[in-house]
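Trainee: This is the structure, below, for whatever I ask next.
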Protein chains: 2
Amino acid sequence: MDLSNNTIERITKIYGYLDALEERGVDFVSSKELAEALGTTDHTIRKDISLLGMTGYTRKGYSVRFFKKELAKKLELNKKRKACIIGLGRLGTALLDYERAKEDGFEVVAGFDCSINKLERIRTHIEVFPMSELENIIKGRSVDLGIITVPAKSAQQVADQLIEAGIKGILNFSPAKIVVPKNIIYLDMDFTNALRFVAAKFITKQ
Amino acid sequence: MDLSNNTIERITKIYGYLDALEERGVDFVSSKELAEALGTTDHTIRKDISLLGMTGYTRKGYSVRFFKKELAKKLELNKKRKACIIGLGRLGTALLDYERAKEDGFEVVAGFDCSINKLERIRTHIEVFPMSELENIIKGRSVDLGIITVPAKSAQQVADQLIEAGIKGILNFSPAKIVVPKNIIYLDMDFTNALRFVAAKFITKQ
DNA sequence: TCTAATGTGTGAAATAAATCACAGATGTAA
DNA sequence: TTACATCTGTGATTTATTTCACACATTAGA
């Protein structure tokens, strides 16, 4: 499939919104309502949906339940690709036990840390390993996604190791700016960058 | 100023990259190198920079130090707008003490939680308040940014309160999909959404 | 069973963004 | 001091995205 980044971002948010609507027991939703929720126009929403080859009902909108299920199928959210977490500090261990990931396309199958001490102390049902095992585990278990929660100074090195081991995507929670080849899916999740982004939005909006 | 979201995103990342380069003692950087770091083209980088009205040196590139300083000025990262954190759980308290925010345009001036117990137990040098004080504090101290770290089920309500109190931007760490008026700067920072986004990238890239 | 209201789906048009192409500047090396 | 290589800056062009406009479908109400 061939969707723009913006479309993917909107579709992802639509999914989250559908999730909330389903919980509230709503049956149908219109492109207009979705547009308002996402801060865009109904045209854009309908284009996005039609790009996915999906379809709604005239005068009713889209069936929340069906649309959500169909979207999950399209985005392969039920596929449970394998993910691992590198760096088992506060954030890393919290994410380790984030069971909900399974409903969003990923299953955390391993944790890594360079401190043997830490590995021994951790209580979790996910297997944890020393860094030396990284390549073995990633290759052996076909892990697709690496979630980096190490301190900034070792982030690039960890990313390099992940890529070397054949990882396909990286989610970076460290404040370091990581450089990755274009074929790697990469997303920055760090607070510092978010603050700067928001700061920049402030100066452009006012 | 009038910059596209994509440009802002790139500029923000460039800033992070300059930061790293400065630390490594690098003097000059070319648009080509920046492009490789961000996974885009040198043309795009130069356009972005020229859009900001900034300029480099022929055959040398951009002075890291000067460029970074200039960018900080343009993005008003030294301005220290006021921010508050709502929800003082693990994440919220961690962010409360994130001193670095000051270098990225924001200063956390208050924390809020609905649990009086929690407020009494918290040890921090930032002032914390019960939710009933939200409007007072935000208006009284001209707080610009609300950082939401409450559980999903109360996120929308908190957002509504913030907006009512006159907040200008919201950073949402909860997995809830929040609906805000268009004039509010809004950024989703939640893990769930990020996972779905990455899952969607997987299906489009392969 | 008509009519009005409402919401989808999609080519066409408009707008925005990225890329190209190349002139201009300047450092480097012989 | 000349020739060359390299990197910026920016109009022009291409490509991508968003918005528009409207035909079509269907529900609800009279």
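The values are calculated or read from the model by the stated rules, or taken from the named source; none is laboratory data. These numbers were taken from a predicted model, which means no experiment stands behind them. Every residue, glycine as well, gets a Cβ built from its backbone with ideal geometry; the counts of neighbours run over all protein chains shown.
Trainee: Check whether at least one residue in the range A:169-177 is free of Cβ contacts under 8 Å to residues at least 24 places away in the same chain, touching a Gly at 6+ places or on another chain (Cβ under 9 Å) and at the interface with chain B (Cβ under 7 Å from one of its Cβ atoms), and report yes or no.
Mentor: yes
Trainee: Further, regarding this structure: Inside the range A:43-69, can you point out the residues that are closer than 25 Å to B:Asp190 by Cβ and either near DNA strand D (Cβ under 10 Å from one of its atoms) or in contact (Cβ under 8 Å) with a residue 60 or more places away in the chain (or both)?
Mentor: Answer for the range A:43-69, where residues must be closer than 25 Å to B:Asp190 by Cβ and either near DNA strand D (Cβ under 10 Å from one of its atoms) or in contact (Cβ under 8 Å) with a residue 60 or more places away in the chain (or both): A:Thr44, A:Ile45, A:Asp48, A:Leu51.
Trainee: For the range B:18-49, which positions are in contact with a strand residue (DSSP E or B) (Cβ under 8 Å, 6 or more places away or on another chain), within 15 Å of B:Glu70 (Cβ to Cβ) and away from DNA strand C (no atom under 15 Å from the Cβ)?
Mentor: Hits for the range B:18-49 are B:Leu18, B:Leu21.
Trainee: Another question about this same structure. All but one of (1) of a type in the set (A, V, I, L, M); (2) buried (at least 20 other Cβ atoms within 10 Å of the Cβ); (3) away from DNA strand D (no atom under 12 Å from the Cβ); (4) more than 10 Å from chain A (Cβ to nearest Cβ) hold for B:Ala83; which doesn't?
Mentor: All conditions pass for B:Ala83, except number (4).
Trainee: When you scan the range B:87-112, how many residues do you find that are within 8 Å of chain A (Cβ to nearest Cβ) and among the charged types (D, E, K, R)?
Mentor: Of the residues in the range B:87-112, 3 are within 8 Å of chain A (Cβ to nearest Cβ) and among the charged types (D, E, K, R).
Trainee: Could you grab me the full set of residues in the range B:109-126 that are more than 21 Å from B:Lys79 (Cα to Cα) and under 21 Å from the mean Cα position of the chain (by Cα)?
Mentor: Result: B:Phe112, single match.
Trainee: Also, I was wondering about something else. Looking at the range B:58-86, which of its residues are within 16 Å of DNA strand C (Cβ to nearest atom) and either in contact with a strand residue (DSSP E or B) (Cβ under 7 Å, 6 or more places away or on another chain) or not assigned by TED's automatic domain parsing to the domain that holds B:Tyr17 (or both)?
Mentor: Within the range B:58-86, B:Lys60, B:Gly61, B:Tyr62, B:Ser63, B:Val64 qualify.
Trainee: If I go through the range A:110-127 residue by residue, how many of them are within 14 Å of A:Ala83 (Cβ to Cβ) and surrounded by 19 or more Cβ atoms within 10 Å (Cβ to Cβ)?
Mentor: 3
Trainee: Still on this structure, please answer the following. Condition first: surrounded by fewer than 15 Cβ atoms within 10 Å (Cβ to Cβ) and outside any helix (DSSP H, G or I). Now tell me which residues in the range B:92-106 satisfy that.
Mentor: Correct list: B:Asp97 only.
Trainee: Only one of B:Glu9, B:Glu22 is closer than 23 Å to B:Phe173 by Cα, away from DNA strand D (no atom under 13 Å from the Cβ) and at pLDDT 95 or above; which?
Mentor: From the options B:Glu9, B:Glu22, the qualifying one is B:Glu9.
Trainee: Right, here's the next one. Give me the pairs, please: first residue somewhere in the range A:10-29 and more than 21 Å from B:Met189 (Cβ to Cβ), second residue anywhere and among the small types (Gly, Ala, Ser), beta-carbon distance under 7 Å, and either six or more positions apart or on two chains.
Mentor: Final answer for the pair search is A:Asp27/A:Ser63; A:Phe28/A:Gly61; A:Phe28/A:Ser63; A:Val29/A:Gly61.
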